[in-house]
């Protein structure tokens, strides 16, 4: 647990040292928050969070924000269990996959009642878009999104320049494979020293795989209207075949990627062993801090023949207030500030994140046009025109892991892609009682 003391705590200590002399001080309110970020850390998002907390506590000396960092892929299920037992934190960051579960469980308080009811039409309009709509059910706003994530192609600008490749030329899936081959490098012994494209297929810390933008771009749906898996559609089979062929046929991705987590993939990217990766926009700033802002870029997925660009999976963290919190009012004040104009500016300028408010980039002038920040425009355009958000009408938790398991089955066991996806769909439906 990381305790951050506000001004009132310091004053209280001073009064105690004087034997209790002086007027009575207002009692400090503690607001507990679960997030995967550690405000004592050094990543851009962690530094931004620390700054936001400091500013909020300075303006609200009677409120102490206590951050209890959690493992990101376990945090939301742990919160749902804590809601049942009555031990949940006051503020929670809910991963998109389990957002429907959180809303349906009644674990998230109405933000309308806490503060949205007092907003002007302009304030509401500033948040308009798919993320706002996703967290609004039957007119009730259950959460606000932060760390908005656009999962597309992260690439090494310097390696592209050395190879004379313009990323804008990657307009089709065939072209992606062609460029990945050009960027794959072997040493004098014939061993691959750098792969052209990499994604991880581990069932731990799983990102949505390449087959999703492929099949959605072809007009298919990952789930049917009743929430059952539609993984083994013709488009899904083609997509899984494409992503596993990168290993088994084209040799632009190592077979060891079947056990790599997302963190393993970023490590390969940072160590010059991958020229392109399936990467999350929220990680760009961290990779830029390691490699330099001039070396890391983000591009949209190739077109499908039906669309200019295949939709990328959009994700992120829906921040809400626990419905049973004893300090819901103060928790709401912090959430409103953290994701309001001042907080959003810090997330963008310090954290390198895409903005949550439409007005933020306008207020930051040419910030998004500065060298290295161009990816913010890519995310903005992609989110508005070329994005896919997983449905929350029904539980979909675990779908990424199951799809990665299907990829493992193809690469390691030589399974037929259609059969692998049929088995994956059956496993998903069974685990969700569908």
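The values are calculated or read from the model by the stated rules, or taken from the named source; none is laboratory data. Model, not experiment: these values are computed from the prediction. Note that we place each Cβ from the backbone using ideal geometry, even for glycine, and neighbour counts take in every protein chain shown.
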Filtered residues of the range 177-195 (kept if in contact with a strand residue (DSSP E or B) (Cβ under 8 Å, 6 or more places away or on another chain) and surrounded by 17 or more Cβ atoms within 10 Å (Cβ to Cβ)): 179, 180, 183, 184, 194, 195
Within the range 107-121, can one find any residue that is part of a loop (DSSP other than H, G, I, E, B), over 28 Å from residue 66 (Cβ atoms), out of contact with any strand residue (DSSP E or B) (no Cβ under 9 Å at 6 or more places or on another chain) and at pLDDT below 95? no
Helices (runs of 4 or more DSSP H) contained entirely in the range 1-85, each with at least 2 residues that are surrounded by 14 or more Cβ atoms within 10 Å (Cβ to Cβ) and either in contact with a helix residue (DSSP H, G or I) (Cβ under 6 Å, 6 or more places away or on another chain) or modelled with pLDDT of 85 or more (or both): 44-59, 75-85
Tell me whether the range 196-213 contains one or more residues that are farther than 22 Å from residue 408 by Cβ, outside the structural domain of residue 93 (by TED's automatic domain parsing), touching a strand residue (DSSP E or B) at 6+ places or on another chain (Cβ under 9 Å) and not in a loop (DSSP other than H, G, I, E, B). no
Name the single residue that is farthest from residue 307 (Cα to Cα) among those in the range 225-241 being in a loop (DSSP other than H, G, I, E, B) and at pLDDT 95 or above. 228
Among the helices (runs of 4 or more DSSP H) confined wholly to the range 122-188, which include 2 or more residues that are more than 22 Å from residue 393 (Cβ to Cβ)? 157-163, 173-183
